[in-house]
Amino acid sequence: MLDEGEITLPLWVEALARGETKGKFTTTEKPDVTKTPIPRYELLELNAYDNMSVQFSRGCPFQCEFCDIIVLYGRKPRTKAPEQFLAELQRLYELGWRRSIFLVDDNFIGNKRNVKLLLNALKPWMKERNYPFYLSTEASVDLAQDAELLELMVECNFNSVFLGIETPDTDSLALTKKFQNTRNSLQTSVETIIRHGLRVTAGFIIGFDGEKPGAGDRVAQFVEDSAIALAMFSMLQALPGTALWKRLEQEGRLLNAGANINQTTLMNFIPSRSIEAIAAEYVRNFYQLYDAENYLKRTYRQFLLLGEPKQKKGQRQVDWVGIRALLTICWRQGVIRKTRWHFWPYLLHIIVTKPKIWQYYLSTCALAEHFLDYRQIVREQIETQLQTYLSLKPLAVPVEAGESLAAPLPEQVPMR
Ligand code: SF4
């Protein structure tokens, strides 16, 4: 079953009812999401989730060359009606959900007029129920230029946003048609959003055509300078059907029929500079970004910048699982790791100066635990794929003088 479920799910169910055991159900039609029914949240084992997913819109008006969202969902954002969206939240509220909710929109602010209508309806709904959930979503960087929208999001209890920044290299942004990221200073935009009260996580990519050596280092430096704690860093992948895929296909540079947007995946096309250099930069900077101390310092700096919520705290329940996680973080980062010298003074300072959000500071610190292990997996898998790539395609890779293997992959390092 492919494409949008409003159309293809009924086709699949009908085929099942006819006793068919296989088939392919697709459509090129874009359904009207104002007719989408409320998800059957009551069928879920809600306690098994930390975050619930809801959706307000599909599609994005921009034209980034590598993006499959605009291929799958179109460039004209389709939004639900505010009352329809509130009915979904109401259902979750009645089921007792009090944890976070992620709005899985491709670009939440793709239709700013409609999103403001929604937020103006959501604001009193949240207030009447004493802000039962924290919300987060994905948005384009131009969010920073709309103070009204930022204010509304914070007033509706949004506490974080994921931004597709990709790279600080303006030439690469222009080449990949991500023009919206070239109009204003990216660093200032990130800072503006954080100061309004939204924590920023962001996606970064290396491997764009024409990219100059050191792109990975510039990404890592940008992340440090912008105090972005969570940076999702990966190598560029050509996704089927995208403008990038079509261009590379024409140029005969695609290496396999599939794609995998995963941080452990090597590029699936022949890049314009040495793949060994890109892989080395990638792994080295992935290590650097998720060094336990670097991560803790970035998190601390982001929370110092962060505007506090304008409303009362949400009603998140504190349970035994949460307490145990908190004690684990304090033990690992505050006692056994090299972070111990900074962990306690930072934590105390945040508790005193940001009393409404110190738990979120600790939750963000906790995410380092995943990346400390994961960076080793990234290194091993990239190395393995690189060996295969080089043994299969030794002559296809243009190697720039002085670049190949100039930056060796990092040695295995202890996790402390
Ligand atoms: S802004 Fe994001 S969702 Fe929109 S086209 Fe670009 S990458 Fe895709």
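No value in this document is a laboratory result; all are computed from the given coordinates. None of these values were measured; they are calculated from a predicted model. Here Cβ is always computed from backbone atoms with ideal geometry, including for glycine, and neighbour counts include all displayed protein chains.
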Assuming a viscosity of 1.002 mPa s and a temperature of 20 °C, what translational diffusion coefficient in µm² per second does Stokes-Einstein assign to segment 232-348, Rh being the Kirkwood radius over Cα pairs?
-> 117
For T182, list long-range residues whose amide hydrogen, built 1.01 Å from N in the peptide plane, is under 5 Å from its own amide hydrogen.
-> none
With +1 on the Cβ of every Lys and Arg and -1 on the Cβ of every Asp and Glu, the dipole magnitude of the chain about its Cα centre, in debye rounded to the nearest 20, is 1160
Under 23 Å from K212, Cα to Cα: lysines that are on another chain or at least 8 residues apart | K177, K178, K393
In order over segment 79-93: 3J(HN,Hα) from phi, Karplus 6.51/-1.76/1.60, θ = phi - 60°, whole Hz, x for each Gly or Pro, gives 10, 6, 6, x, 5, 5, 5, 5, 5, 5, 5, 4, 4, 5, 4
Share of pairwise Cα separations in segment 89-188, more than 23 Å, in percent = 33
Under a point spin-label approximation (7 Å from Cα along Cα-to-Cβ), what is the K356-E151 distance to one decimal in nm?
-> 1.5
In the chain, taking the dipole from +1 charges on Lys and Arg beta carbons and -1 charges on Asp and Glu beta carbons about the Cα centre, the listed residue (G210, Y374, G307) farthest towards the positive end is G307
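Using DSSP loop states and a limit of at most 11 other Cβ atoms within 10 Å to flag GluC sites (Glu not before Pro), what is the longest stretch of the chain containing no flagged site?
Within the chain, the longest run free of exposed GluC sites (Glu not before Pro) spans 46-250.
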Unpartnered Cys in the chain, judged by a 4.7 Å Cβ-Cβ cut-off, are C60, C156, C330, C365
Volume per residue of the C-alpha convex hull in the chain, rounded to whole Å³ = 159
Which value, in Å³ per residue, describes the convex hull spanned by the Cα atoms of segment 190-229?
-> 71
HN-Hα couplings for segment 184-194 via Karplus (6.51, -1.76, 1.60; θ = phi - 60°), in whole Hz with x for Gly/Pro, come out as 9, 4, 5, 5, 5, 4, 4, 5, 4, 5, 5
Semi-axes of the equivalent ellipsoid for segment 142-186, Cα gyration tensor, largest first, Å | 26, 11, 7
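If each DSSP helix of 4+ residues adds -39,500 (n - 2.57) and the sum is divided by the residues in the chain, what number results at 222 nm, nearest 500 deg cm²/dmol?
Here the helix-only value at 222 nm equals -13500 deg cm²/dmol.
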How big, on average over all directions, is the shadow cast by the Cα convex hull of segment 320-362, in nm²?
-> 2.9
Looking at the square roots a ≥ b ≥ c of the eigenvalues of the Cα gyration tensor of segment 140-283, which shape do they give, rounded for a/c under 1.5, prolate if a/b is larger than b/c, or oblate?
-> prolate
Computed Rg/Rh for segment 18-171 (Cα atoms; Rh = Kirkwood radius) stands at 1.00
Average Cα contact separation per residue, the chain, under 8 Å, 6 or more apart, as relative contact order % | 14
If amide H atoms are built 1.01 Å from N in the plane of the peptide, which residues on other chains or at least 5 residues away come under 5 Å of the amide H of M232?
-> A202, G203, F204
Per segment 196-269, sqrt(5λ) over the Cα gyration tensor eigenvalues, sorted largest first, in Å, gives 27, 14, 10
